[in-house]
Amino acid sequence: MTWNPFSKDKSTDSAQTTVEQTNKVQETEGKGRPTPKRKEAQERNLHPLVPKNRKADRKAAKERIRKKEDEQYEAMRTGDLPHMPRIERDPVHIYIRDYIDARFNLAEYFIPVLFGVMILMLVIAFIWPAFYTPLGILMYVYIIVAAIDIFLMWHKLKKKIVEKFGEKAVGKGTHVCSYACSRALQLRRWRVPKPTSKKRGNWPK
């Protein structure tokens, strides 16, 4: 038989096949499972960035926010400082609250006075028309005096804040003036956060 250099040697092919099978068996025995393909591994590690149910996810997020806000409001109503919002735990805001709560503010009776005067003016307009104008003047006098009281309060409070916390505490963007004025416009028993002292006169140090 003539030897053909272009023919395949069956013994060589079979030996090579046996070696490849042996390597696969060793890999399987060593890991306990076949080596996964790159595509399969990437698919397992891939997590969707967008939730499947967006409506349910938004609803759950709103519920979490609402629950947190309710807890914070309850903390402010009961005077639980550690659980209040961050801004209410700020030392400057605490000082402002204690200062406002310690003094007598004419402006805190603005809403009850306004409501009462409006009712009286409606009644007086039909029964005693002559007292309608004087009552209106008295209401405007009260508003002017209350506004002057708030101005003097903030002028004095601002100096105390600067002395204790520095100029930055009353700088632009801090909104401490509006915070103080809005608290001064509220009746003491209705203020939130709750006053730390039951009576007036306990000035902050």
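Of the listed requirements (1) in a helix (DSSP H, G or I); (2) open to solvent by 80 Å² or more (accessible area, probe 1.4 Å), Val162 misses just one: (2).
Checking Pro91, Pro129, Pro112 one by one, the residue that is at pLDDT 95 or above and open to solvent by 20 Å² or more (accessible area, probe 1.4 Å) is Pro91 and no other. Scanning the range 59-81 for residues that are of a type in the set (A, V, I, L, M, F, W, C) and farther than 26 Å from Ser197 by Cα returns Ala60, Ala61, Ile65.
In the range 96-109 there is no residue that is surrounded by fewer than 12 Cβ atoms within 10 Å (Cβ to Cβ) and either touching a Cys at 6+ places or on another chain (Cβ under 9 Å) or aliphatic (A, V, I, L, M) (or both).
Remark: pairs (first residue in the range 154-183, more than 17 Å from Asn105 (Cβ to Cβ); second residue open to solvent by 50 Å² or more (accessible area, probe 1.4 Å); Cβ separation under 6 Å; 6+ apart in sequence or on different chains) = Val170/Lys158.
Restricting Glu40, Glu69 to those that are assigned to a helix (DSSP H, G or I) and either modelled with pLDDT of 85 or more or polar (S, T, N, Q) (or both) reduces the list to Glu69.
The values are calculated or read from the model by the stated rules, or taken from the named source; none is laboratory data. These numbers come from a predicted model, not from an experiment. For neighbour counting, all protein chains shown are included, and Cβ atoms are generated from backbone atoms with ideal geometry for every residue, glycine included. Surface areas here come from the heavy atoms of the whole protein model, side chains and all, with no ligands, DNA or RNA. Shrake-Rupley method; radii C 1.70, N 1.55, O 1.52, S 1.80 Å.
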